[in-house]
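The values are calculated or read from the model by the stated rules, or taken from the named source; none is laboratory data. Given the structure is predicted, the values throughout are model-derived calculations rather than measurements. Here the Cβ is made from the backbone with ideal geometry for all residues, glycine too, and neighbour counts use every protein chain on show.
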Amino acid sequence: MALPLVAADGAAPARSADRVGLPADYASRLEQVRHTYLPARDKVITVFVNPQAATVRTLEQVPYPAGSVIVFEWADPQKDSTGQPRQDAAGTVLKGPITRIDVMRHEPGYGADYGEDRAGEWEFASYLPDGGAMTLPDGAVSCARCHQKAGTERDFVFGSRFPPKK
């Protein structure tokens with residue numbers, strides 16, 4: 001699903017530099033905190049956090065500290081011969097090909113370019129599986145707009161270690 005590249009007023013924010021960045025080797029270097037199958041989207045989401053974000057374990061510990069990075073890896077599920085998602089012995093849906101990687105980074109002053117769509121001090125970007133830019137922060141205003149729904153009490157994060165907001 002492609003994200004809109006314009007702000008609510010129809011104009012793209014002026015900044016075009018990618019201040020978010022895709023952490024190199026995120027799947028082996030960062031801590032995995034969630035692996036979820038979303039049947040409505042037929043996607044497997046795996047969430048990774050860097051050491052700063054890993055310090056937030058409960059809602060009582062928000063806001064996230066500066067330097068926090070959360071990576072959302074989207075993948076197709078592996079399918080069996082009938083087209084149903086394959087599961088391991090524990091019932092976890094098995095991850096197939098990665099289709100997209102979303103990253104959010106928390107730094108002082110971040111998010112200001114999103115204007116009224118700002119979601120705290122977070123900036124967002126999406127990347128292709130090969131690491132190429134899919135949506136740079138100047139086009140990620142729709143990510144910020146959506147993350148506003150998570151609310152300030154969650155520091156604009158739907159779910160990491162704590163239960164996801166529906």
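For the range 41-85, the set of residues classified as under 18 Å from Val103 (Cβ atoms) and among the acidic types (Asp, Glu) consists of Glu73 only. For the range 29-70, the candidate set comprises residues that are under 20 Å from Ala90 (Cβ atoms) and of a type in the set (S, T, N, Q); within that set, the residue that is surrounded by the most Cβ atoms within 10 Å (Cβ to Cβ) is Thr46.
Where in the range 80-139 are the strands (runs of 3 or more DSSP E), entirely inside, with at least 1 residues that are among the β-branched types (Val, Ile, Thr) and within 19 Å of Gln32 (Cβ to Cβ)?
On the way: elements: 95-106, 122-127, 133-135.
Of the strands (runs of 3 or more DSSP E) lying wholly inside the range 80-139, those with at least 1 residues that are among the β-branched types (Val, Ile, Thr) and within 19 Å of Gln32 (Cβ to Cβ) span 95-106.
Within the range 29-60, the set of residues being of a type in the set (Asp, Glu) and at pLDDT 95 or above comprises Glu31, Asp42.
Only one residue in Asp117, Asp88 is loosely packed, with under 14 Cβ neighbours inside 10 Å and over 15 Å from the mean Cα position of the chain (by Cα). Which one? Walk me through how you get there before you give the answer.
On the way: Asp117 fails: loosely packed, with under 14 Cβ neighbours inside 10 Å.
Sole residue among the options that is loosely packed, with under 14 Cβ neighbours inside 10 Å and over 15 Å from the mean Cα position of the chain (by Cα): Asp88.
Looking at the range 118-127, is at least one residue among the hydroxyl-bearing types (Ser, Thr, Tyr) and in contact with a Leu (Cβ under 6 Å, 6 or more places away or on another chain)? The answer is yes; a qualifying residue exists. Restricting the range 140-160 to residues that are surrounded by fewer than 21 Cβ atoms within 10 Å (Cβ to Cβ) and part of a loop (DSSP other than H, G, I, E, B) leaves a set whose member that is modelled with the lowest pLDDT is Gly159. Candidates are the residues of the range 10-28 that are exposed (fewer than 10 other Cβ atoms within 10 Å of the Cβ) and either in a loop (DSSP other than H, G, I, E, B) or in contact with an Asp or Glu (Cβ under 6 Å, 6 or more places away or on another chain) (or both); the one that is modelled with the highest pLDDT is Asp25.
Scanning for something modelled with pLDDT of 95 or more, among the hydroxyl-bearing types (Ser, Thr, Tyr) and at negative phi, does the range 63-73 turn up at least one residue? Yes, the range 63-73 contains at least one residue that is modelled with pLDDT of 95 or more, among the hydroxyl-bearing types (Ser, Thr, Tyr) and at negative phi.
Cβ-Cβ distances below 6 Å connect the following pairs, each with a first residue in the range 87-110 that is farther than 13 Å from Val44 by Cβ, a second residue that is surrounded by fewer than 16 Cβ atoms within 10 Å (Cβ to Cβ), and a separation of six or more residues or different chains: Glu107/Ala66; Pro108/Ala66.
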